[in-house]
Amino acid sequence: MAKETTSFVYVTYILSTPEKVFEAIAKPEVTRRYWGHENVSDWKAGSTWEHVRANDERPIKVVGKVVEASPPTRLVVTWAAPTQAADPASHSRVTFAIEEYENMVRLTVTHDELEAGSDMANTMKQGWPAVLSSLKSFLETGRGLDIFGKPKAA
């Protein structure tokens, strides 16, 4: 019997360009400034990617594969805990859709193929809004938000 899955979708509008939004998701030196993590990959379909905590220990928090990369409008990756890296059936998927919308960008993040009721599914409901709010703040003001609510210096 197949596992029951769920998805999480978040849409935000950012005063920026598609190129800057894509860069903020894909470049480790930018990502660490609003997320506290670095997304590390060559961003080619089939390549691996790692979500690494940007601190002295640098633990890997999430791993996956790049499913699709079409800069600056679309990035699709699989998403799993490092302990689940060898089990593709346990991976979920994240799609970043970046669209020009008048003088701004509409960013739609869809995290799907999540196991319904899992810790990962529950974590994403809180995690994505915090991360994407910090991304928006960073691109619009130069300052990301700490997930604990304190602004980070640029």
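Under the 0.36 nm per residue contour assumption, what length would be gained going from the current alpha-carbon distance of Ala81 and Asn55 to full extension?
Taking Ala81 through Asn55 to full extension adds about 7.5 nm, to one decimal.
From most to least packed by mean Cβ count within 10 Å, the peptides 48-60, 92-104 give 92-104, 48-60. Dividing the helix sum by the residues of the chain, where each DSSP H run of 4 or more adds -39500 (n - 2.57), gives a mean residue ellipticity at 222 nm of -8500 deg cm²/dmol. Legend: residue pairs Lys3/Lys44; Lys65/Lys136; Lys20/Lys44; Lys44/Lys136; Lys27/Lys65, Cα-Cα distance threshold 23 Å; pairs beyond threshold, Lys3/Lys44; Lys65/Lys136; Lys44/Lys136. Cβ crowding within 10 Å, taken as a proxy for footprinting-reagent exposure, orders Glu38, Glu115, Glu29 from fewest neighbours to most as Glu29, Glu115, Glu38. Summary of the geometry: region 98-117 and region 9-29, compared by the centres of their Cα atoms, lie 10 Å apart.
What the Cβ-Cβ distance of Ser118 and Thr17 gives, at R0 = 35 Å and to the nearest 0.05, is a FRET efficiency of 0.50. Each Lys and Arg contributes +1 and each Asp and Glu -1, all at the Cβ; summed about the Cα centre of the chain, the dipole is approximately 340 debye.
Neighbour counts of other Cβ atoms within 10 Å put Lys3, Lys65, Lys27 in the fewest-to-most order Lys3, Lys27, Lys65. Both radii were evaluated on the Cα set of the chain; the Rg over Rh quotient, with Rh as the Kirkwood radius, amounts to 0.95.
Remark: the Tyr10-Arg74 segment gains 21.6 nm on full extension, using 0.36 nm per residue and subtracting the alpha carbon distance. Explain nothing, just the number: relative contact order of the chain, from Cα pairs under 8 Å at least 6 residues apart, as a whole percent. Answer for the chain is 27 percent. Helices that extend 27 Å or more along their long axis by alpha-carbon positions and average at least -0.5 on the Kyte-Doolittle scale are, among the DSSP H runs of the chain, 119-141.
Computed from the coordinates by the stated procedures, all read-outs in this text should not be read as laboratory data. Everything quoted here is computed from the prediction, not taken from an experiment. Positions of Cβ are backbone-derived with ideal geometry, glycine not excepted, and every protein chain shown enters the neighbour counts.
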